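Trainee: I'd like to ask you about the structure that follows.
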Amino acid sequence: MIHVEGLTKDYGPRRAIEGLTFNADKGEILGFLGPNGAGKTTTMRILCGYMPPTSGKARVAGFDVIDQSIEVRRRVGYMPETVPLYPDLTVYDYLKFMADLRRVPEAEERVDQLLELLHLEDRDLSYISSLSKGLRQRVGLAQALIHNPEVLILDEPTIGLDPAQIIEVRNLIRELGQQHTIMLSTHILSEAQQVCNRVLIINKGHIVAEDTPERLQSRLTGAQRVIVQVGGDSDGVDILVSQVPGVSKLSSQEDGKFEFETVPGKDPRPEVARAIINAGYDLLDLHPIGLSLEDIFLQLTRDEPSPPEPNEEDLTEDDLEVNDDEVSELM
Amino acid sequence: MHNIWTIARREYNLYFSSPVAYVIAFVILLVLGIFFYLNLQVASAQPGYTPGAEITMVPLGTMLVLIVPAITTRLLAEERRMGTIELLLTAPVKDWELVVGKWLGGFLFLLTIIAITLIYPLILNQFVKPGIDQGPLLSGYLGLVLLSASLIAVGVFISSLFSNQIAAFVFTSGMLIFLWWILSPIVQVTGPLGGNSELLTYLDFSGHFFDNLTRGIIDLKDVVFYLSITVLALFFGSVSVEIRRWG
């Protein structure tokens, strides 16, 4: 559905994205993850026909974004980061205008459908200027869905919403993902983890990783973190455990709870368990915790040389371009 | 045509859902009403003077120059500032359709206001025996329509260049004042030896209006002038929207 090859965009001398290549299949929810200024919005704008790329190719719903821009725009629903609403129109008039602009047949009925889908039925005659942020976001989504597009591009769809609204919008996106191909950008990692089938991590205009959220975790987790908990007196456990080969970075937490990282490629858990039991302690818990997507994200986007097992070529390339203001952007 | 009409209709309606339409209509009708009253006073004091439609058309032409920036600056500059331009530029609408739609919305709005001012000549027609001269009335109002089309087009073009409305407003005002008032004094000062005096005379917006159209003369040259300015400005506006897509 979305097919991108070598996409590059320059704003004057500044290169916003460079050589992006990725695909999204029909029915997929693709998460586009990256710090602010990474090039997410630029990429999305290119894909929905707002601006042409400097070089590279992109096809959306089977049409080229440069040569067949109008065809692409017919098939894409787009919600920009700042939801573009006319404050002096009512919700109904706004959606009707968008429906007309997109030549939706039986526009009135379609508008009513969407008002219902997004729980806006009772606000149809409110002026947009009087709506709360959450409601505006929903109107923006309604606008993107008005022509039942094959591809839905959502730029930070949950930004500025309260937790209840966030959950609501995420559920809605998951629901929509059954019929539409969705690409959404976010810098909230748990969101990508919850909603997306596949995640693309972008930093400084480069793709640094691409996989399902689960595989991304396991692939990049060369080292695993393990939690150990013993009952009763826990004096000396830390020394004991840290002597087991394959254990590193042991840290003590509350009440006899310890956390350590495994040396990549080794699983010292059986030895740790044996050592603790042989020494007479009560082993209550021993379980691995994967690196969270947050950790992976920071690993991939920070400007430090070689995180554990950097098997991404882009990554090493990226690490060479240390740039002060971009470091501060990540903070 | 469908796209143009959709955009134009929204713009047209928007003028009436804000105070803009009413303020503009009020000011124009008030000023014209004062002129109208004064002319009637003069006419009743001086038996030789018979007022015609020009007592409305002449001040109206000048007022259009002052009013048009207020109508046009919003059209594209505001979309850009609010980000709603993203909506229009990602809709299946061609750039020129967007620009022409915006122009048409503003143009139809101005036509509505101009149509209301027809009440003054119509009232005058009742007072003057044997009625006012119909020729200048028709050609003059044709002139107002043509003038509006070209002024709005220039305004839309300038609006497409800015995302700051105040900058767009001031620039549009300056440009229209230049085209309306400044060109002919320049020609008078520099004289025919100025080199470009013919071109400058041709570009003088007020000359085409006052010299012929308000006097009952419909010269194809004047019609072509206003129409070509309109087309040219809309063309530049479309190019400007297209160019701004790139960065």
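The values are calculated or read from the model by the stated rules, or taken from the named source; none is laboratory data. The model shown is predicted, which means the values in this text are computed figures rather than measured ones. Note: ideal-geometry Cβ built from the backbone for every residue, glycine included; neighbour counts use all protein chains shown.
Trainee: Sort through A:R138, A:R110, A:R123 and tell me the only one that's crowded, with 23+ Cβ neighbours inside 10 Å, out of contact with any strand residue (DSSP E or B) (no Cβ under 8 Å at 6 or more places or on another chain) and farther than 24 Å from A:I201 by Cβ.
Mentor: A:R138
Let's see how each residue does on (1) of a type in the set (S, T, N, Q); (2) part of a loop (DSSP other than H, G, I, E, B); (3) buried (at least 19 other Cβ atoms within 10 Å of the Cβ):
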| residue | (1), (2), (3) |
| --- | --- |
| A:V4 | no, no, yes |
| A:F32 | no, no, yes |
| A:I46 | no, no, yes |
| A:P52 | no, yes, no |
| A:K57 | no, no, no |
| A:D67 | no, yes, no |
| A:E71 | no, no, no |
| A:Y86 | no, yes, yes |
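Trainee: Condition test on A:G37, is it more than 14 Å from chain B (Cβ to nearest Cβ), in a strand (DSSP E or B) and in contact (Cβ under 8 Å) with a residue 40 or more places away in the chain?
Mentor: no
Trainee: Going through the stretch A:54-77 one residue at a time, which ones are of a type outside the set (S, T, N, Q), touching a strand residue (DSSP E or B) at 6+ places or on another chain (Cβ under 8 Å) and facing chain B (nearest Cβ under 10 Å)?
Mentor: Residues satisfying the conditions are A:E71, A:V72, A:R75, A:V76, A:G77.
Trainee: Just give me the residues in the stretch B:79-105 being free of Cβ contacts under 8 Å to residues at least 12 places away in the same chain, outside any helix (DSSP H, G or I) and surrounded by fewer than 18 Cβ atoms within 10 Å (Cβ to Cβ), in sequence order.
Mentor: Hit for the stretch B:79-105 is B:G83, nothing else.
Trainee: Right, another one. Out of the residues in the stretch B:18-35 that are surrounded by 14 or more Cβ atoms within 10 Å (Cβ to Cβ) and not aliphatic (A, V, I, L, M), which is farthest from the other protein chains (Cβ to nearest Cβ)?
Mentor: If we take residues in the stretch B:18-35 being surrounded by 14 or more Cβ atoms within 10 Å (Cβ to Cβ) and not aliphatic (A, V, I, L, M), then B:F35 is farthest from the other protein chains (Cβ to nearest Cβ).
Trainee: Kindly evaluate A:P80 against the criterion of being within 10 Å of chain B (Cβ to nearest Cβ) and surrounded by fewer than 21 Cβ atoms within 10 Å (Cβ to Cβ).
Mentor: No, not satisfied.
Trainee: Give the residue that is surrounded by the most Cβ atoms within 10 Å (Cβ to Cβ), with candidates limited to residues of the stretch A:88-107 that are of a type outside the set (D, E) and facing another protein chain (nearest Cβ under 9 Å).
Mentor: A:M98
Trainee: Which one of these does B:L183 not meet: (1) in contact with a helix residue (DSSP H, G or I) (Cβ under 8 Å, 6 or more places away or on another chain); (2) modelled with pLDDT under 90; (3) surrounded by fewer than 18 Cβ atoms within 10 Å (Cβ to Cβ); (4) assigned to a helix (DSSP H, G or I)?
Mentor: Failed condition: (3).
Residue-by-condition table, conditions (1) in a helix (DSSP H, G or I); (2) out of contact with any strand residue (DSSP E or B) (no Cβ under 8 Å at 6 or more places or on another chain); (3) among the aliphatic types (A, V, I, L, M):
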| site | (1), (2), (3) |
| --- | --- |
| B:F107 | yes, yes, no |
| B:I113 | yes, yes, yes |
| B:G131 | no, yes, no |
| B:G140 | yes, yes, no |
| B:S150 | yes, yes, no |
